[in-house]
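J.: First the structure, which I've put down as structure tokens, then a few questions once you've had a look.
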Number of protein chains: 2
Amino acid sequence: MAKGVLPNPSATRARILDTATSLFYERGVHAVGVNEIAATAGASKLSLYRYFPAKTDLVRAMLSEHSDRIHAWLDRNTASATGPDRVLAVFDLLTQWFAQPGYHGCAIVNGVTDTRADPEVAAIARAHLHRYHTLLEDRLSGLGIEDPRALSRQLLLLIEGASVVVTIEGTTDAGADARAAAAALLASSAKAAGTCEIVRESARHEATRQVAPHLPTQPPSPAGPR
Amino acid sequence: MAKGVLPNPSATRARILDTATSLFYERGVHAVGVNEIAATAGASKLSLYRYFPAKTDLVRAMLSEHSDRIHAWLDRNTASATGPDRVLAVFDLLTQWFAQPGYHGCAIVNGVTDTRADPEVAAIARAHLHRYHTLLEDRLSGLGIEDPRALSRQLLLLIEGASVVVTIEGTTDAGADARAAAAALLASSAKAAGTCEIVRESARHEATRQVAPHLPTQPPSPAGPR
DNA sequence: ACCCGACAGTACCGATCGGTACTGTGACAG
DNA sequence: CTGTCACAGTACCGATCGGTACTGTCGGGT
């Protein structure tokens, strides 16, 4: 298997995949041809088809990599917060992402719409949502939430809804709306005993806040965080 | 203008538009050719291009008509409820719609994704969301809500989010989740004085309900209510 | 020196795309 | 009977699609 030293064994592959990701996100899978991808990437179609036997494989690789990148970015940049901020930091980060110039929807949701019948793409998208649940449930733990699973499902609706609404409305208002709704749900979902009062009060206070106080990282690129 | 008696002046147009709506929704705008639309509709391309000078016009007409149909259906079937049910009935109806076999996302959101650059399609989609706000704000009036506009924006996120999540997950759970979240937001958004306690208590009770008690209408077709 | 794999470039394939043009036909009006 | 109209059917256009095949070239390993 080892071929000695490969100077840039798959730099070409990465270049092609990056180009495809960008073009697919910008104009849609069906509106971009493999010729254009290869030409824009400065690669030959032979190279493209060596690494991606079919156009679909390019789409799958793009969505899979995108999902990895988004969740690594989300996880990395919301791990340090404490209390209700642990959850709301996720919404701050997403709001920041949605405000990126050139943002027009979650690449994974768009990809599912573009390739309606592909079960593998559908599986990637399902796994993507599942990762959101995992993240949210983790961030909800220890907050005295009655039913973290149910709440995380509701928060996911806010995330996906905000992504869609931001894209259609062309403004970023929906990001802040989602954060406010998340704070309200968080407050009303905290148990009525123990530390919950602190959480509830804190969340209630958070709900009135306008914008994220700090910008923890460089916002993700249109296609996702780098 | 009047041409005497037209036996079926635009029955052909309607047949073409219906066929296009169905095919576009099923497989996406780019995956369906005008040849197939004409053939499936039992029409000639000449007829198709007489009523729709370009494929884009077909898409625009489809989305515009779809938006009209959906909102007429939503308005008609949620007008009679009273109290917090006025709002939650919207979610019941939507949940019912999402559970339709063959449902895979809002046709308008899908259409925006399919035709990313078309500003006219984008305008139709914005108007579609605006209609949701109008509906929700009306249904929220008289419930003692502090900020109906802000709450209606949050509820819209739940609606669009549920549509996306239902489509990706392949189950209808997200519809019920959206309803539960809406009830929670409704409860926590009711003012602390006046009739609000009734609303709040009622909403709290509603939040524990499992499914819609009554199916007021025939559910909409995959592409929307008939 | 030799070879070999990775590569860009290009020509090409059949199929299909959106859109146009031209038939033939059947229904109705005069 | 003879217009005229809407219509279905079909042939056709240039362009582009996804995918294949074949060049020539460069660089590094032996």
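The values are calculated or read from the model by the stated rules, or taken from the named source; none is laboratory data. As the structure is a prediction and not an experimental result, all values here were calculated from the model. Note: ideal-geometry Cβ built from the backbone for every residue, glycine included; neighbour counts use all protein chains shown. Just so you know, the surface numbers come from the protein's heavy atoms only, side chains and all, with ligands and any DNA or RNA stripped out. Shrake-Rupley method; radii C 1.70, N 1.55, O 1.52, S 1.80 Å.
J.: Determine, yes or no, whether B:THR19 is in the same structural domain as B:ILE159 (by TED's automatic domain parsing), assigned to a helix (DSSP H, G or I) and open to solvent by 10 Å² or more (accessible area, probe 1.4 Å).
T.: no
Let's see how each residue does on (1) without any contact (Cβ under 8 Å) to a residue 24 or more places away in the chain; (2) of a type outside the set (Lys, Arg); (3) more than 24 Å from A:VAL165 (Cα to Cα):
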{"residue": "A:ASP18", "(1), (2), (3)": "yes, yes, yes"}
{"residue": "A:TYR25", "(1), (2), (3)": "no, yes, no"}
{"residue": "A:ALA41", "(1), (2), (3)": "no, yes, yes"}
{"residue": "A:PHE52", "(1), (2), (3)": "no, yes, yes"}
{"residue": "A:ILE70", "(1), (2), (3)": "no, yes, no"}
{"residue": "A:LEU88", "(1), (2), (3)": "no, yes, no"}
{"residue": "A:LEU93", "(1), (2), (3)": "no, yes, no"}
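J.: Whether any residue in the range A:23-33 is within 16 Å of DNA strand D (Cβ to nearest atom), outside any helix (DSSP H, G or I), away from chain B (no Cβ under 12 Å) and surrounded by 20 or more Cβ atoms within 10 Å (Cβ to Cβ) is what I want to check.
T.: No, there is no match, as no residue in the range A:23-33 is within 16 Å of DNA strand D (Cβ to nearest atom), outside any helix (DSSP H, G or I), away from chain B (no Cβ under 12 Å) and surrounded by 20 or more Cβ atoms within 10 Å (Cβ to Cβ).
J.: Condition check: open to solvent by 40 Å² or more (accessible area, probe 1.4 Å) and away from DNA strand C (no atom under 16 Å from the Cβ). Does A:ARG50 satisfy that?
T.: Against the criterion (open to solvent by 40 Å² or more (accessible area, probe 1.4 Å) and away from DNA strand C (no atom under 16 Å from the Cβ)), A:ARG50 does not qualify.
J.: Given the structure, is A:ALA14 exposed (fewer than 15 other Cβ atoms within 10 Å of the Cβ), part of a helix (DSSP H, G or I) and away from every other protein chain (no Cβ under 14 Å)?
T.: Yes: the conditions hold for A:ALA14.
J.: Return yes when A:ARG153 is open to solvent by less than 20 Å² (accessible area, probe 1.4 Å), basic (Lys, Arg) and either over 23 Å from B:TYR132 (Cα atoms) or in contact with a Leu (Cβ under 9 Å, 6 or more places away or on another chain) (or both) and no when it is not.
T.: Judged against the criteria, A:ARG153 is not a match.
J.: Continuing with the same structure: Quick check on the range B:39-46. Is at least one of its residues more than 27 Å from B:ALA178 (Cβ to Cβ), within 13 Å of DNA strand C (Cβ to nearest atom), open to solvent by less than 20 Å² (accessible area, probe 1.4 Å) and not small (Gly, Ala, Ser)?
T.: no
J.: Let me ask you something else. Scan the range A:76-84 and tell me whether some residue there is in a helix (DSSP H, G or I) and hydrophobic (A, V, I, L, M, F, W, C).
T.: Among the residues of the range A:76-84, not one is in a helix (DSSP H, G or I) and hydrophobic (A, V, I, L, M, F, W, C), which makes the answer no.
Conditions tested, residue by residue: (1) touching a residue at least 40 places away in the same chain (Cβ under 8 Å); (2) within 10 Å of chain A (Cβ to nearest Cβ).
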site	(1), (2)
B:LEU129	no, yes
B:ARG139	yes, no
B:LEU157	no, yes
B:GLU169	no, yes
B:ALA174	yes, yes
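J.: Return only the number of the condition from (1) within 14 Å of DNA strand C (Cβ to nearest atom); (2) open to solvent by 10 Å² or more (accessible area, probe 1.4 Å); (3) of a type in the set (Gly, Ala, Ser) that A:ALA81 does not satisfy.
T.: (1)
J.: If we scan the range A:101-109, do we find a residue that is out of contact with any Asp or Glu (no Cβ under 8 Å at 6 or more places or on another chain) and free of Cβ contacts under 8 Å to residues at least 40 places away in the same chain?
T.: no
J.: Another one. Can you tell me which residues in the range A:93-117 are part of a loop (DSSP other than H, G, I, E, B), within 13 Å of A:LEU63 (Cα to Cα) and over 13 Å from the mean Cα position of the chain (by Cα)?
T.: Listed by number, the list holds a single entry, A:THR115.
J.: Only residues that are under 24 Å from A:ALA122 (Cα atoms), of a type in the set (A, V, I, L, M) and in contact with a helix residue (DSSP H, G or I) (Cβ under 6 Å, 6 or more places away or on another chain): list them for the range A:35-60, please.
T.: Those that are under 24 Å from A:ALA122 (Cα atoms), of a type in the set (A, V, I, L, M) and in contact with a helix residue (DSSP H, G or I) (Cβ under 6 Å, 6 or more places away or on another chain): A:ILE37, A:LEU48, A:LEU58, A:VAL59.
J.: Further question on the same structure: Taking A:SER67 as meeting all but one of (1) away from every other protein chain (no Cβ under 14 Å); (2) more than 16 Å from DNA strand D (Cβ to nearest atom); (3) modelled with pLDDT of 95 or more; (4) surrounded by 16 or more Cβ atoms within 10 Å (Cβ to Cβ), write down the number of the exception.
T.: Against the list (1) away from every other protein chain (no Cβ under 14 Å); (2) more than 16 Å from DNA strand D (Cβ to nearest atom); (3) modelled with pLDDT of 95 or more; (4) surrounded by 16 or more Cβ atoms within 10 Å (Cβ to Cβ), A:SER67 comes up short only on (1).
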